[in-house]
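**Student:** The structure that follows is given in the form of structure tokens.
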Amino acid sequence: MAWNLSFISEEDFKNHVRATIMKYSKKLESYDLKRFNSNLIDPIKLIFDKSMYRFSWEEIVNNEIFRQIDKSNNNDIGYFHQKIFAYFEGCEVQQAGWDVIYKNPEGIQMPDGDIVHTLYVEMKNKHNTMNSTASVNTYIKMQGQILEEDDCACLLVEAIAKKSQNIKWTAKVDGKNLQHRLIRRVSMDQFYSILTGDPDAFYKMCMVLPGVIHAVVNEEESVQVPHDTVVDELKRVAEIYTKQSEELAMAMAVYMLGFSTYLGFGDKMQINFELDNKEGLLKRIYEYTKNLQELR
């Protein structure tokens, strides 16, 4: 099939996808209980979620693992969205404190009629990822750039905007709503259009992306599906609670992820096991709680 992206070669696009996938693959290491609780699980939320959504223990644990991975994967998607512009003519990435700087000696037509030769760009994955302080600081930074250089515009580019747009960015600074025709809020499709002159450039990239990802994943033997052991480890801990139901025993194992030092929990662990296996269970209690303490 013919390559139809004029703004990036097939080889460069494939290499960029591969670099993003390699970042993803670092998160695919198997999860054990220690890694699962490295940021401290909220046991009560986990149990509420399990009950309200009718999940099994396997499902709720796997969902939590995916949530943890997905949180860090957002940074990798930011890498994909930003670093691809290093292959676009006239673009520099992460230079002079800006995510992207685009220069066009022939001029860049702005919606209000201005023609500038440089765009300074801050990029965000989603339209709602900046708090008010970050928004104010970014807007002031853009104001300063325009005062310093009158042949430029500054763009806040959002990969996931509410809609396709290229509008004046209104920001509240010191209680006042400020606007400037050269400080703009732009969706990713509109930014691709500015850089390439093709209004369908972003759409075309999205159309070839799934096939390229599939091809790269199949080529990379290092990309493997992880084998997580969290549920198995929790079940082994739950065996300590021989006088409890299976459901409550698993809940106790989950409670210990966050509450092993809380009043009552450590003591209660040591009175709910069968006497004929006391020595082995006490050893496992000690090792389990010791591992949890090391995370803090």
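The values are calculated or read from the model by the stated rules, or taken from the named source; none is laboratory data. All figures in this text were calculated on a predicted structure; none of them were measured in a lab. Cβ: placed from backbone, ideal geometry, glycine included. Neighbour counts: every protein chain shown. Calculation scope for accessible area: heavy atoms of the full protein, side chains included, ligands and nucleic acids excluded. Shrake-Rupley method; radii C 1.70, N 1.55, O 1.52, S 1.80 Å.
**Student:** Looking only at the range 37-46, filter to residues that are surrounded by fewer than 17 Cβ atoms within 10 Å (Cβ to Cβ) and not polar (S, T, N, Q); which one of those is farthest from residue 124 (Cα to Cα)? Even if it seems obvious, please write down each step before you answer.
**Tutor:** Step one: filter the range 37-46 for residues surrounded by fewer than 17 Cβ atoms within 10 Å (Cβ to Cβ), giving 38-40, 42, 44-45.
Okay, now just the ones that are also not polar (S, T, N, Q), so 40, 42, 44-45.
Working: 40: 28, 42: 29, 44: 33, 45: 30 Å.
Only one residue tops the list, namely 44.
**Student:** Only residues in the range 45-74 that are in contact (Cβ under 8 Å) with a residue 24 or more places away in the chain count as the first member; pair them with residues that are surrounded by 12 or more Cβ atoms within 10 Å (Cβ to Cβ) and among the aromatic types (Phe, Trp, Tyr), Cβ under 6 angstrom, at least 6 apart or cross-chain, and list the lot.
**Tutor:** Going by the 6 Å Cβ cut-off, the qualifying pairs are 65/31.
**Student:** Of all residues being open to solvent by 60 Å² or more (accessible area, probe 1.4 Å) and either within 22 Å of the chain's Cα centre (by Cα) or at pLDDT 95 or above (or both) in the range 56-68, which is nearest to residue 33 (Cα to Cα)? Just the residue, please. Steps first, please.
**Tutor:** Narrowing the range 56-68 to residues open to solvent by 60 Å² or more (accessible area, probe 1.4 Å): 58-59, 62-63, 66-67.
Remaining after also requiring either within 22 Å of the chain's Cα centre (by Cα) or at pLDDT 95 or above (or both): 59, 62-63, 66-67.
Details: 59: 15, 62: 12, 63: 14, 66: 14, 67: 15 Å.
The selected residue is 62.
**Student:** Looking at 128, 177, which is the one that is open to solvent by 70 Å² or more (accessible area, probe 1.4 Å) and under 21 Å from the mean Cα position of the chain (by Cα)?
**Tutor:** Values: 177 fails: under 21 Å from the mean Cα position of the chain (by Cα).
Only one candidate passes the filter, namely 128.
**Student:** Just to be sure I understand, how many residues within the range 1-51 are under 27 Å from residue 202 (Cα atoms) and of a type in the set (Lys, Arg)? Show your work before the answer.
**Tutor:** To start, the set of residues in the range 1-51 that are under 27 Å from residue 202 (Cα atoms) comprises 1-25.
Right, trim to of a type in the set (Lys, Arg) and you get 14, 18, 23.
Total meeting the criteria: 3.
**Student:** Name the single residue that is nearest to residue 80 (Cα to Cα) among those in the range 1-49 being in a helix (DSSP H, G or I), hydrophobic (A, V, I, L, M, F, W, C) and more than 18 Å from the chain's Cα centre (by Cα). Don't jump to the end; show me each part of the working.
**Tutor:** Looking only at the range 1-49, we keep the residues that are in a helix (DSSP H, G or I), and these are 10-28, 33-36, 43-49.
Filter once more, keeping what is hydrophobic (A, V, I, L, M, F, W, C): 13, 17, 19, 21-22, 28, 33, 36, 44, 46-48.
Keeping just the survivors that are more than 18 Å from the chain's Cα centre (by Cα) gives 13, 33, 44, 46-48.
Numbers: 13: 10, 33: 31, 44: 36, 46: 32, 47: 35, 48: 35 Å.
Only one residue tops the list, namely 13.
**Student:** Report, by residue number, each residue of the range 67-101 that is among the acidic types (Asp, Glu) and outside any helix (DSSP H, G or I). It would help to see each step written out before you state the result.
**Tutor:** Taking the range 67-101 and keeping what is among the acidic types (Asp, Glu), we get 70, 76, 89, 92, 99.
Within the range 67-101, 89, 92, 99 meet the criteria.
**Student:** Pick from the range 227-280 the residues that are under 25 Å from residue 30 (Cβ atoms), among the hydroxyl-bearing types (Ser, Thr, Tyr) and at pLDDT 80 or above: which of them is surrounded by the fewest Cβ atoms within 10 Å (Cβ to Cβ)?
**Tutor:** Across the range 227-280, the extreme among qualifying residues is 229.
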